[in-house]
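Comments concern the structure below.
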Amino acid sequence: MDDMLKDFVVEALDLATNVEEHLLSLERHPDDTDTLNALFRSFHTIKGGAGFMNLPAIVSACHLTENLFDGLRTGKVPVTPTAIEAGLQASGFVGDQLKQLANGAAPEALPAMPEALKDILTQAIEGKATAPTAAAPATAPAQSAPDAATPSASTLPGGDLDWEALYRAVVPAGTLPAPQAAAAAPAAPATVTPIAKAAAEDGAKPVIAQVKEDTIRIDAIKLDALLEVAGESVQAANQAAVLLEKLAQFKFEGQAAALMSTLAETLARASRYSTELQRATLSTRMQPVGRLFQKFPRLVRELARDLGKDVDLVIEGAETEVDRVVVDSLYDPLVHMLRNALDHGIETADERAATPKAAKATIRLKAWQEGSSVMIEVSDDGKGMDPDRLRTKALSKGLIGDNAAQTKEEALQLIFLPGFSTKEVASSVSGRGVGMDVVKTAVEKHRGAIRIDSELGEGTRFTIRLPIELSIVPTMLVRTSGALLAMPMAVVQRVVELPEEFAEVGGAPVLRDQGRPLAVRSLAEILGYEPCREKVGIVIAAPHPYILAVEGVDGTADLVIKPLTAIAVPGVNGTARSAEGELVLVISLAFLLDGCKILSNRLAA
């Protein structure tokens, strides 16, 4: 793909993504002229670029859609479900073509516009013949102003390329129809409102100087490499500081003492700069989760329609920022969770009518920052989950033994088992027993954890906890049986001193902390190390808090985590190097939140 086509695809994909969001907003607020104008401009811009790049299918789809939205914004076509559906299908088709180009497809190999899409767009446009004539705001001249500008002006006032101007500049004169915006319902000058006049005047101003761009696009692979180098530089600076500390134990005189002083100042400055470089690099990878969330309103709308359910998707915290790798990896898990909420959680219209709940169900998608973690919550006000039914279904499928999943929390965890489903017959939406297993695997792959809360008849809530950024994690360094390990600070509540002897409940050691009895669990015993004298306890902030007994605490550190790839160790999900250069095993966040239970034995008979 040449550079110009690549730039067009990137910009057009951004516009196509925004189109879906605007369409769904327009469905809720049909009188929003700003949204209508934004939709018209998006398709107009994509059409111009596609024409310049010789992409006839995209040009045809955008041309018809542009006609539709020109009618909508002038009031000649009403905002109907057919019009919204036609716009969504058109944006979906354009998006699919752009994705094929992004994946390396040749422009000439792209399929033509389907007749079904042409038909629905035509039907939506023809609605203007039967629609009552409304007082249309004279916005057409404002939109036609850019087309009236000199064709050689290939940039818009915002500094972006004017793809249509470029296209018209290279096509022989007389072979193209007049610009669509200029041909659309010209209004008499006397009827133009002051706002439209101002817009037209602004649009007609010549471009005096190109606006300086304040953003550039960088290959994500280059950013990842930069972040890794920045992390390693911080580690190297930390190791140098430790070595300098050891050298300071020796006595230096004369010139050697002066050199040591200069070396200390230089290393301090290098350490400060490397830390600032690391922070700046990390910030380039941070993206708002809204980039991910904006893909779901259409999915929920269409699936709810197919299932015959009336559902409203409420999104909160879209501005919350998280590592781009996390954003990219969460799409599939959230799709599974939303589909399950719609199919399993939300009642049918008849079932819901028999309850005191509102007729329209609500699914809530929420994100917020909590310490060094980002929290993502998917909740619904549906029927909730029955722990007894879950356990019975797992037993009937042979997934657990008779003595497993005795508590409510353990029964709810059964939905994450591969092959588990409560549906008797699989459908195109769910029922094959792979969805929630995929969710748990994806979350734990990125050192996260997932929790379920459900009340029968009231609804279900899934809460995902993930590190805000993946490569560098704030940790507490602990020792047990001589081995150095790290645990995420996100779950460390406080450190307590352990007594020689403990009280026991059911044969298990218990220690009272701030008035509440907490179970004491030995990290050495859990991970299979040799027994040792464990003098320190770490209070773990889990759904069911407990104390993790260790030999000692070596302080805290921000570690560059390397994932384990060749082997799988229960409870450990990565390695790192301490400031002294010692190998550190990193304990999994999900493992700690789950009470340090070995997963293979958790559901054993």
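The values are calculated or read from the model by the stated rules, or taken from the named source; none is laboratory data. Since we're looking at a predicted model, the values are computed, not measured. Virtual Cβ from ideal backbone geometry, glycine too; neighbours counted across all protein chains shown. Surface areas here come from the heavy atoms of the whole protein model, side chains and all, with no ligands, DNA or RNA. Shrake-Rupley method; radii C 1.70, N 1.55, O 1.52, S 1.80 Å.
Scanning residues 5 or more positions from Val572 or on other chains, those with amide H under 5 Å from its amide H are Ser588, with H placed 1.01 Å from N in the peptide plane.
Annotation note: GluC sites (Glu not before Pro) in segment 285-389 located in DSSP loop regions with a Cβ neighbour count of at most 11 within 10 Å are Glu319.
Excluding same-chain neighbours fewer than eight residues apart, the lysines reachable from Lys562 by a Cα-Cα span under 27 Å are Lys222, Lys440, Lys445, Lys597.
By definition, a body whose alpha carbon gyration tensor gives a ≥ b ≥ c is oblate when a/c is 1.5 or more and a/b is not larger than b/c, and segment 295-431 fits this oblate description.
Would segment 539-588 count as rounded, prolate or oblate if I go by the C-alpha gyration tensor, calling it rounded below 1.5 in a/c and otherwise prolate when a/b exceeds b/c, oblate otherwise? It would help to have the intermediate numbers written out before the result.
Working: a/c = 2.21, a/b = 1.27, b/c = 1.74.
It is oblate, given that a/c is not under 1.5 and a/b is not larger than b/c.
More than 14 angstrom separation, counting every C-alpha pair in segment 221-286; what % is that?
Values: 1335 of 2145 pairs.
Above the 14 Å cut-off, segment 221-286 has 62 percent of its Cα pairs.
Taking label points 7 Å from Cα along the Cα-to-Cβ direction, Ile221 and Asn54 give a separation of 2.8 nm. Summarising the amide proton neighbourhood of Glu316: residues at separation of 5 or more, or on other chains, whose placed amide H is nearer than 5 Å comprise Leu365, Lys366, Ala367. Take the alpha carbon gyration tensor of segment 3-126, find the square roots of its eigenvalues, order them as a ≥ b ≥ c, and report rounded if a/c is under 1.5; if not, report prolate when a/b exceeds b/c, else oblate. Judged from the Cα gyration tensor, segment 3-126 comes out prolate (a/c at least 1.5, a/b above b/c). Among all lysine pairs in segment 3-126 that are eight or more places apart or on different chains, how many have alpha carbons less than 21 angstrom apart? Final tally of qualifying lysine pairs is 6. A crude spin-label estimate for the pair Thr275 and Glu302, with each label 7 Å from Cα along the Cβ direction, gives 4.9 nm.
Coupling constants for segment 232-246 follow from the phi torsions by the Karplus curve (6.51 cos²θ - 1.76 cosθ + 1.60, θ = phi - 60°), and in residue order they are 5, 5, 5, 4, 5, 5, 5, 5, 5, 5, 5, 5, 5, 5, 5 Hz; glycine and proline get x.
Rounded to the nearest 0.05, what FRET efficiency do Lys118 and Val438 give with R0 = 45 Å and r taken as the Cβ-Cβ distance? Could you check?
On the way: r = 37 Å, r/R0 = 0.82.
Once the sixth-power term is evaluated, E becomes 0.75.
Ordering Ser481, Ser522, Ile561 by the projection of their Cα atoms onto the charge dipole of segment 458-605, which places +1 on the Cβ of Lys and Arg and -1 on the Cβ of Asp and Glu, puts Ile561 at the extreme positive end. With contacts taken as Cα pairs under 8 Å and at least 6 residues apart, segment 221-286 reaches a relative contact order of 63 percent.
Here segment 472-594 has 53 percent of its accessible surface on carbon and sulfur atoms, given a 1.4 Å probe and all protein chains in place.
Given the Cα-Cα distance of Ala318 and Lys295 and 0.36 nm per residue of separation, how much length would full extension add, in nm? Could you put the intermediate results ahead of the total?
On the way: separation 23, 0.36 × 23 = 8.28 nm, distance 1.18 nm.
Answer, rounded to one decimal: 7.1 nm.
Using a 1.4 Å probe on the protein heavy atoms, what percent of the accessible area of segment 221-286 belongs to carbon and sulfur?
On the way: 2720 of 4440 Å².
C and S atoms contribute 61 percent here.
Residues of segment 440-477 with an amide N closer than 16 Å to a point placed 7 Å from the Cα of Asp388 along the Cα-to-Cβ direction: 455-457.
Determine the gain in length on full extension of the stretch His544-Leu395; use 0.36 nm per residue of separation and subtract their C-alpha separation, reporting nm with one decimal.
On the way: separation 149, 0.36 × 149 = 53.64 nm, distance 2.58 nm.
Contour length minus the Cα-Cα distance gives 51.1 nm.
Report the paramagnetic label zone for Asp310: residues of segment 27-55 whose backbone N is under 16 Å from a point 7 Å from Cα along the Cα-to-Cβ axis. Residues passing the 16 Å test: 28. Placing +1 on each Lys and Arg Cβ and -1 on each Asp and Glu Cβ, with no other charges, gives segment 256-379 a dipole about its Cα centre of roughly 260 debye. Inter-label distance, Val229 to Val495: 3.6 nm, where each label sits 7 Å from its Cα along the C-beta direction.
Which FRET efficiency value, to the nearest 0.05, do you get for Thr463 and Asp14 by plugging their Cβ-Cβ distance into 1/(1 + (r/R0)^6) with R0 = 22 Å? Numbers along the way, then the final one.
Values: r = 31 Å, r/R0 = 1.39.
Plugging the Cβ-Cβ distance into 1/(1 + (r/R0)^6) gives 0.10.
Suppose the chain between Ala566 and Lys99 were pulled fully straight at 0.36 nm per residue; how much longer would it get relative to their current alpha carbon spacing?
Working: separation 467, 0.36 × 467 = 168.12 nm, distance 3.33 nm.
Result: 164.8 nm gained on full extension.
Just need the relative contact order of segment 472-594 here, percent rounded to a whole number, with Cα pairs under 8 Å and 6+ apart. Write down the numbers at each step before the final one.
Values: 257 pairs, mean separation 37.8, N = 123.
That works out to 31 percent.
Estimated from the Cβ-Cβ distance and a Förster radius of 22 angstrom, the FRET efficiency linking Leu583 and Thr284 is about 0.15. Amide H contacts of Leu456 (H built 1.01 Å from N, in plane; Pro and chain starts excluded): Met385 sit under 5 Å, all sequence-distant by 5 or more or on other chains.
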